[in-house]
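Enquirer: A single structure is presented below for examination.
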Amino acid sequence: MIQAQTLINQIENLAPLSIKESSDPSGLQIGNPEKMIQKVLVTLDVRPEVVQEAIDQKVDFIFAHHPVMFRPAKNLDTRDPQNKMYADLLKHDIVVYAAHTNLDKAVGGMNDWMAQGLRLQNIQPLPSGTPIYCYKLVVFTPLDNAAAMRSALGNAGAGELGDYQQASYTVAGQGRFLPGTGAHPAIGASGQLTTTQESRIEVIVPSYRLNQVVEAMLAVHPYEEPAYDLIPLKNTEPSISLGRIGTLSQPLSVLDFAQQIKKDFNLTGLRIVSHDRQQLIQKVAVIAGDGGKFYPDALKAGAQVLVTGDIYYHTAHDMLANGLQAIDPGHHTESIIKTKMTAQIQQWAQVNDWDLAVQPSELSTEPFYFI
């Protein structure tokens, strides 16, 4: 068993809440994060039938992509199915956590999974025009704490450089300090000038991970008053984006690409927005879920087709008028989260030696059937 907050911390390391859309209610939905948990259910949506599945399976933590509470409840009349669902979750002490637009944007998150599912190559964030600035964190710690410090910083998301992780620089030197009369130093004594061998550790941190990295640093530092510097850099990361863009290994017609998507995602139907379904395309943008309103970003990036769900009628006309074609495979394609996050949490459990069982929901929450 582990504390629910331990799993939440790992999820938020992958998909920090600081990168979610401002109106998105991602994060803890229901329950006490201090609760000890031993069984996790991964689902796209939290619906009454999924909650019953969790109860039947004796699950104590539900991880979902879509938040449970998009709209505030006006009352708690349990004759309403949504309110009864809340009551059932509380009655059975099930913690519910949702990662939505933060997981859509995260590196190695929903849109990367979707791009891979579409068989795209050379996958990049769909440019949004908002660069992510970085900081250099410099921390001074005793020599015997250096390995633990580097590990904590890396696990919190510091030191990621392209395809490399846990990149850092360490140099040894002498630290000096004079503890005051009210101090409780880990090394030396109050009123005595102390000289000790220390490691200077440097890592690069993107701005959206800064708070969690500093918290991780402070948690493992043995000193009462750690010395560290945060230095703003001109270095930037690729912009954080709700979408991805990539290329097909070879050109396909819009129709053939749509048929490939239908087969690969096991769909009963999809919609095509195109004046010429036989036109060959190769550069593809994808925005998981409902991303039609972001189609100008796909246009600016040079995409020939946008794959996204829930395309609005008038938006489809605007896309065509601007020379962009689209394929709408529906919103439920995001159900790939069930296999992807189940595998991810299982990996975390193995690496961290958690006594934790994880399973995907066996239920489909797709409300539509195409004929």
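Each value in this text was obtained by applying a stated rule to the coordinates, not by laboratory testing. From a predicted model like this one, the values you see are computed outputs, not experimental measurements. Using ideal geometry, Cβ is built from the backbone for each residue, glycine included, and neighbour counts are taken over all protein chains shown.
Enquirer: Would you please state which residues of the range 27-50 a label at residue 6 would reach in this model, taking the label point 7 Å out along Cα→Cβ and a backbone N cut-off of under 13 Å?
Expert: Residues 34-39 fall inside that zone.
Enquirer: Compute the helix-to-body angle for 210-220: its Cα long axis versus the longest principal axis of the chain, expressed 0 to 90° and rounded to tens.
Expert: It is inclined by approximately 40 degrees.
Enquirer: While we're here: Taking every alpha carbon pair in the range 132-237, what does the distance histogram look like in 10 angstrom bins from 0, in percent?
Expert: Cα pair-distance distribution for the range 132-237, in percent: 15, 45, 27, 11, 2.
Enquirer: Of all alpha-carbon pairs in the range 269-332, indicate the percentage at a distance above 17 angstrom.
Expert: Roughly 28 percent, once rounded to a whole number.
Enquirer: Pick out, in residue order, every one of the trypsin sites (Lys or Arg not before Pro) in the range 18-84 that is DSSP loop and has at most 10 other C-beta atoms within 10 Å; say none if there are none.
Expert: Passing sites in the range 18-84 are 74, 79.
Enquirer: Exposure proxy check: 100, 65, 275 ranked by fewest other beta carbons within 10 Å?
Expert: 275, 100, 65
Enquirer: Ranking 225, 53 by Cβ neighbours within 10 Å, fewest first, what do you get?
Expert: 225, 53
Enquirer: Nearest 10 degrees, 0 to 90: what angle lies between the long axis of helix 81-91 and the longest principal axis of the chain (Cα atoms)?
Expert: 30
Enquirer: Using only Cα atoms, tell me the angle between helix 146-155 and the longest principal axis of the chain; keep it within 0 to 90° and round to the nearest 10.
Expert: Computed tilt is about 20 degrees.
Enquirer: With springs connecting C-alpha atoms under 10 Å apart, model the chain as a Gaussian network and identify which of 66, 317, 184 has the largest mean-square fluctuation.
Expert: Top of the fluctuation ranking is 184.
Enquirer: Using only C-alpha positions, report the orientation-averaged shadow area of the convex hull of the chain, nm², one decimal.
Expert: One quarter of the hull surface, i.e. the mean projection, equals 22.6 nm².
Enquirer: Taking the Cα-to-Cβ direction at residue 233 and at residue 322 and moving 7 Å from each Cα, how far apart do the two end points lie in nm?
Expert: Distance between the two pseudo-spin positions: 3.4 nm.
Enquirer: Per the helix-only calculation at 222 nm, which mean residue ellipticity applies to the chain, given -39500 (n - 2.57) for every DSSP H run of n ≥ 4 and division by its residues, nearest 500 deg cm²/dmol?
Expert: -8500 deg cm²/dmol
Enquirer: Take the cross-link list 35/338; 39/84; 105/300; 105/340; 262/293; 283/338 and give me the ones stretching past 20 Å between alpha-carbons.
Expert: From 35/338; 39/84; 105/300; 105/340; 262/293; 283/338, over 20 Å: 35/338; 39/84; 262/293; 283/338.
Enquirer: Okay, next question. In vacuum, with every alpha carbon of the range 93-132 counted as one equal point scatterer, what does the Debye formula give for log10 I(q)/I(0) at q = 0.14 Å⁻¹? Two decimals, please.
Expert: Each listed q corresponds, in turn, to -0.42.
Enquirer: How high is the FRET efficiency between residue 174 and residue 347 when r is their beta carbon distance and R₀ equals 45 Å, given to the nearest 0.05?
Expert: Calculated transfer efficiency: 0.65.
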